[in-house]
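Here is the structure we will look at, set down as structure tokens.
Any read-out appearing in this document is the output of simple, stated calculations on the displayed coordinates, not a laboratory observation. The structure presented is a predicted model; accordingly, all values stated were derived computationally and were not measured. No Cβ is skipped: glycine too gets one built from the backbone with ideal geometry, and neighbour counts run over all protein chains shown.
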Amino acid sequence: MKVFHTVRGLRDDLNKDRRQGLRIGFVPTMGNLHDGHLALIKQARESNDVVVCSIFVNALQFGLNEDWDKYPRTYQGDCDKLREAGCDYLFHPDDIEMYPNGLDTQSRVICPTMTDVLCGASRPGHFEGVTTVVSKLFNIVQPDEAIFGIKDYQQLAVIRRMAEDLCMPIQISSAPIHREVDGLAMSSRNSYITVEERPLVTVLKDSLEWIAAEIKAGNRDFSALEETAKARIIEAGFKIDYITVCNSKTLDLAANDDVEITILGAMFTEAARLIDNLSITL
Ligand code: AMP
């Protein structure tokens, strides 16, 4: 695996590959890689000739009181895992390389409406940071395909929308949620969960599954279902951000006759904010 810290270095190699007609797959990450990330790399490996992964903890998508400074950075271990998973190029820029003109005056990409709800409501500016950095990374790598995890459902929906709206010639693919044995969705932030909290945090996934079962059984009182699920999570000792039954494509609140439904949830432990989601077709 070749490691690049500069845009120019990566582009030089990718240009050669592109001239040879090779298909380029791309997986953007913030590092501290787990098996969920590596499954994305393996998926990229299957349908591309060259696999590029980026590791960049993007300050632009973190709020002022969020965990940018303490976000786990595990570069050496990440390199070993990527090599083993079959990654060809790792792009690992520093802040100056990505934002040479500074953050304040950086041009931004905004995807309206869809980013105001769910995670966007409690993390103002987050998705603007995501769409901006992903656009930059797309322009740097110019991949044929980019792969994102369904774990971050709203992020995937926003990026699909951005690519469509801005005519980006990139196939946006998704990968299933990778989970721990007890069902907890893998996340770089799971290391913030305390030993005492750990057996209890599956209440988020369990609550989403309970709502899905109720809907499948014919219950369409979505807000009552959301409230019951929230009460269960609070009872387990966690703070609720949101539990919402949505239209899978638009992320609007689900309507009674929607066929594709996604139930999304976010809750706070002492030091972590955990998200999860579950999609059903009726
Ligand atoms: P992150 O490093 O958290 O920004 O995530 C990088 C990519 O990995 C994103 O597309 C995420 O959706 C994806 N990802 C993170 N956790 C998981 C997981 N448990 N299962 C599948 N994909 C994931």
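A few notes on this one:
- Unsatisfied cross-links (Cα-Cα over 29 Å) in the set K70/K249; K216/K239; K2/K136; K42/K216; K136/K239: K70/K249; K42/K216; K136/K239
- The alpha carbon centroids of segment 3-20 and segment 104-123 are separated by 30 Å.
- Stokes-Einstein D (µm²/s) once Rh is taken as the Kirkwood radius of the chain over alpha-carbon pairs, at 10 °C in 1.306 mPa s: 80 µm²/s
- Dividing the alpha-carbon radius of gyration of segment 1-75 by the rule-of-thumb value 2.2 N^0.38 Å gives 1.28.
- A straight line joining the Cα centroids of segment 218-261 and segment 139-153 runs 27 Å.
- Looking at segment 167-262, the GluC sites (Glu not before Pro) that sit in a DSSP loop and have at most 12 other Cβ atoms within 10 Å of their own Cβ are E196.
- Helix-derived mean residue ellipticity, 222 nm - over the chain, DSSP H n ≥ 4, -39500 (n - 2.57), to 500: -11000 deg cm²/dmol
- Coil-residue trypsin sites (Lys or Arg not before Pro) of segment 222-260, DSSP, other Cβ within 10 Å capped at 14: K249
- Judged by the mean number of other Cβ atoms found within 10 Å, the most tightly packed of the peptides 170-178, 273-281, 16-24, 130-138 leads the ranking 130-138, 273-281, 170-178, 16-24.
- Sparse-neighbourhood loop sites, trypsin sites (Lys or Arg not before Pro) in segment 80-124 - DSSP loop, at most 15 other Cβ within 10 angstrom: R108
- Of all DSSP beta bridges in the chain, antiparallel share, percent nearest 5: 50 percent
- Segment 64-162 - Kirkwood radius from inverse mean 1/r over Cα pairs (Å): 15.5 Å
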